[in-house]
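Below: one structure in structure tokens.
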Amino acid sequence: NGYPLFGLMSPAFGLVRQRSGAGGSPPMENTAALVSLAMYAADPVLLEFTRLGSRFGQPAKRLELTLHRRKDLAQHFVTSALISLFAGDKLAEFMGLQKELNDSQTYSGFDLADLMADKAGIRFAELAAAPGTAQRLQTDVAGLVYDDQLLPRPSALPQQDVTQQLATLSDAEIEPYLAGLNRQIAVLLARVPLYQY
């Protein structure tokens, strides 16, 4: 179950679009919307570490937000967007990749869809915070009506067991392999109109 992430993002960004139209700064309004969304969907460890929950208060009602019916994808998207906003793209990318590499050593395994959600969240944050794209993004996000407008379907990813593949590679082969995966994800994200700015 769960509630689609776009179902909360659409009205949130509709509101910040109104606030921007009344004189608010679009990048600042977008940041406020993302912080609000983080209360519902970001990694709880991150919220505790940043003290966002104690600073802004927890929502009166928690929603289990999803992307393509997966709660983890919504969490990856929002968490990476939040890290990108407050600590930069490089750290957000590093943390997302490191989490998947750690997961490759556990029962959960390396999930390429999680990594794609991380990268989509980072790209979203870039557009949300840039003065040249912040206001246009508000309009586009206010009109979201389905998951594919935020993230390609996981089935569009190359069908491979990344965990198993990583186990067969030498140390020298891992970096080029991961770079290849990143290129494939970048191609998929480039097809999403929301990210074609």
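Identify, please: which residue in segment 27-55 is at negative phi and not in a helix (DSSP H, G or I) and is, among those, farthest from the chain's Cα centre (by Cα)?
D43
For segment 124-145, enumerate the residues that are within 20 Å of D89 (Cβ to Cβ), open to solvent by 40 Å² or more (accessible area, probe 1.4 Å) and either assigned to a loop (DSSP other than H, G, I, E, B) or touching a strand residue (DSSP E or B) at 6+ places or on another chain (Cβ under 7 Å) (or both).
Across segment 124-145, the qualifying residues are P131, G132.
Within segment 52-77, restricting attention to residues that are small (G, A, S) and farther than 18 Å from A128 by Cα, which residue is most open to solvent (accessible area, probe 1.4 Å)?
Here the answer is A60.
How about segment 27-79: which of its residues are out of contact with any Lys or Arg (no Cβ under 8 Å at 6 or more places or on another chain) and among the charged types (D, E, K, R)?
D43, E48, R51, R55, K61, R62, R69, R70, K71, D72
Okay, next question. Are any of the residues in segment 7-19 part of a helix (DSSP H, G or I), under 22 Å from A130 (Cα atoms) and free of Cβ contacts under 8 Å to residues at least 12 places away in the same chain?
yes
Which of the residues belonging to segment 7-46 are buried (at least 19 other Cβ atoms within 10 Å of the Cβ) and in contact with a Gly (Cβ under 8 Å, 6 or more places away or on another chain)?
Scanning segment 7-46 gives a single hit, V16.
Residues L63, L73, L82, L34: which one is touching a residue at least 24 places away in the same chain (Cβ under 8 Å) and more than 22 Å from M116 (Cβ to Cβ)?
L63
What are the pairs, 6+ residues apart or on separate chains, where a residue within segment 98-111 that is in contact (Cβ under 8 Å) with a residue 24 or more places away in the chain and closer than 18 Å to T79 by Cα has its Cβ under 6 Å from a residue that is of a type in the set (V, I, T) and part of a helix (DSSP H, G or I)?
Sorted first by the residue in segment 98-111, then by its partner, the pairs are F110/V162; F110/T163.
Within the bounds of segment 160-173, is there any residue that is in contact with a helix residue (DSSP H, G or I) (Cβ under 7 Å, 6 or more places away or on another chain) and either of a type in the set (F, W, Y) or open to solvent by less than 10 Å² (accessible area, probe 1.4 Å) (or both)?
Scanning segment 160-173 turns up at least one residue that is in contact with a helix residue (DSSP H, G or I) (Cβ under 7 Å, 6 or more places away or on another chain) and either of a type in the set (F, W, Y) or open to solvent by less than 10 Å² (accessible area, probe 1.4 Å) (or both).
Anything in segment 87-116 that is outside any loop (DSSP other than H, G, I, E, B) and touching a Ser or Thr at 6+ places or on another chain (Cβ under 7 Å)? List them, or say none.
A92, G96
So, in segment 78-106, how many residues would count as being crowded, with 23+ Cβ neighbours inside 10 Å, of a type in the set (A, V, I, L, M, F, W, C) and out of contact with any strand residue (DSSP E or B) (no Cβ under 9 Å at 6 or more places or on another chain)?
Residues meeting the conditions: 5.
The values are calculated or read from the model by the stated rules, or taken from the named source; none is laboratory data. Since the structure is predicted, the reported quantities are computational estimates derived from the model, not experimental observations. A quick note on method: Cβ atoms are made from the backbone with ideal geometry, for glycine too, and the neighbour counts reach across all protein chains shown. Side chains included, ligands, DNA and RNA excluded: accessible areas come from the protein's heavy atoms. Shrake-Rupley method; radii C 1.70, N 1.55, O 1.52, S 1.80 Å.
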